[in-house]
Amino acid sequence: MPHITRALQSLLTLALTLFGLLLITFSLSALSPVDRVLQIVGDHASQSTYDQVRHQLGLDQPLPLQFWHYLVNLAHGDLGIASSTGQPVLHDLLSVFPATLELATLALILGALLGVAAGVLCARFVGTPWDLAMRTFTLLGNSVPIFWLGLLMLALFYARLQWSAGPGRLDDIYQYTVDARTGFVLIDTWLSGDMAAFKNAFAHLVLPVLLLSYYALASITRLTRSACLSEMNKEYILLARAKGAGEMSILLRHVLPNIRGTLLTVIALAWTSMLEGAVLTETVFSWPGIGRYLTTALFAGDTTAIMGGTLLIGVCFVLINNLTDLLVRLTDPRIR
C-alpha cells in the first residue's frame, strides 16, 4: 500500500505540474502584446474582417472559456497554425524537435562521460596541478558566452583550418538525396546506405556537439568533484582506508555508487538545459532544431508557434525530472 500511495502521489504531482505549465503558457500567450488577429488579416483589413477572424479564433470569449477550448484542442493534438510557416504547429515541432534531441543527447553522452571521469580524477588528485587546471577549464565553460565560442570554433576549424564541416546538418549535395525517415540525421543517413552522407552528417555534428558537451562537462565535473570530496570525509571511507584500500579503488567502488543519485540529477538537469538552451548554438550553426524554430517565431511575433514550442520544452523538462526522481528512488535504497 505505501508503494501504491507514493505512486498515486507522484502521478498527481505530475498532473498538477503539467496543468500549471499549461496555465502559465496560456496566460503568457493571452497577455502578449502581439495581436494574433492582425498577424492574419494585416494592418489594412476592415473592422468587419478583423471581428470575423477574432470570432473564428475564439478571442472574443472570456479567458476561462478560451483556456478550456485550448485544453480541448490540445487533447486532440491541435496546437494551432503557425503564422510564420503556415503549417500546423504540431507538424513543425515534430519536424524540428528530432534535430535538437539528437544534438543534445550526443552532447550529453560525451559531456557526462568526460565530466564524471574528470570529476573523479579531480577528487583523487585534489590540490594538484591537474585539479587546478580542470577547475580553471570548467570555470571557463561556465563563463564564456556560448555564441562567442561557437563563432570562434567556426572561424577557426571551418573557415580557417577547414578541419570540420560548416553550419547545417548536411552539405547541399546530400540535403535532398537522404529521406528523413526518423528526423535523426545520423540514423537517416545510415539507413540510406550512403556512407559518404553518413560521414558528412557526422562531420557536421562534431563542432556543435563539442560546444554543448563542453558546457555540460563543466557543470558535471564541478559537481562530481564536490560530491566525491564530501563523501570521502565520511566514516566508512576511513574504514576502507584502514583496511588498506587504494584511493582510486575507494572512489570507484564505494564513493561513486553512493553519489549515483546526485549524478543522475546533475546529468538530467544538464540534458534539460541543453534541450531548452540550445537556441544560440542552433542559431550559430544553422541547426534546424526547435531553438532556431523558436528564434524565427519570436522575430516574426508568432505567438502560436512560441506557445507550442515552449509547451513542448516544458513538458520535456517536467517528464525528465520526474523520470530522474523515479530512477533515483529505484537505484538508491536510502531514499526508498
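Every number in this text was worked out from the coordinates using simple rules, so none of it is lab data. This one's a predicted model, so the numbers in the text were calculated from it and none came from an experiment. Methodologically, a virtual Cβ is constructed for each residue, glycine included, from the backbone with ideal geometry; neighbour enumeration extends over all protein chains shown.
Some values worked out for this structure:
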read-out: Long-range amide H partners of residue 170 with built H, under 5 Å; value: none
read-out: Contour minus Cα-Cα distance for residue 81 and residue 160 (0.36 nm per residue); value: 24.2 nm
read-out: Most fluctuating residue given options 125, 184, 97, as computed from a GNM of the chain linking Cα atoms under 10 Å; value: 125
read-out: Residue among 175, 155, 257 farthest towards the positive dipole end of the chain, charges placed on Cβ; value: 257
read-out: Expected 222 nm ellipticity per residue - DSSP helices of 4 or more, -39500 (n - 2.57), all of the chain, to 500; value: -23500 deg cm²/dmol
read-out: Within-15-Å neighbourhood charge of residue 242 [Cβ basis; K, R +1; D, E -1]; value: +1
read-out: Cα centroid of region 97-159 to Cα centroid of region 171-235, whole Å; value: 12 Å
read-out: In range of the label at residue 199: residues from region 286-317 whose backbone nitrogen is under 19 Å from the point 7 Å along Cα→Cβ; value: none
read-out: Distance in nm between pseudo-label sites at residue 18 and residue 142 (7 Å out along the Cβ direction from Cα); value: 3.4 nm
read-out: Residue-count net charge about residue 192 - beta-carbon cut-off 11 Å; Lys, Arg +1, Asp, Glu -1; value: -2
read-out: Listed residues 315, 270, 327: farthest to the positive end of the dipole of the chain (Cβ charges); value: 327
read-out: Pairwise FRET efficiency - residue 323 versus residue 151, Cβ, R0 = 30 Å, nearest 0.05; value: 0.30
read-out: Over the chain, relative contact order from alpha-carbon pairs under 8 Å, at least 6 apart, %; value: 27 percent
read-out: Estimated dipole of the chain in Debye, rounded to 20 [Cβ of Lys and Arg +1, of Asp and Glu -1, Cα centre]; value: 1620 debye
read-out: At R0 = 56 Å, FRET efficiency that the Cβ-Cβ distance of residue 57 and residue 243 yields, to 0.05; value: 0.20
read-out: Loop-resident sites, region 117-191, for trypsin sites (Lys or Arg not before Pro), counting at most 16 other Cβ within 10 Å (DSSP); value: 181
read-out: Interchain or long-range residues, amide H under 5 Å from residue 81's placed H; value: 89
read-out: Size of charge dipole - region 118-261 - debye, nearest 20, with Cβ of Lys, Arg +1 and Asp, Glu -1, no other charges; value: 660 debye
read-out: Radius, Kirkwood style, for the chain when every pair of distinct Cα atoms is counted (Å); value: 23.1 Å
read-out: On Cα atoms only, tilt of 129-143 relative to the major axis of the chain in degrees; value: 10 degrees
read-out: Net charge, residue 165 excluded, C-beta distance under 15 Å - Lys, Arg +1, Asp, Glu -1; value: +1
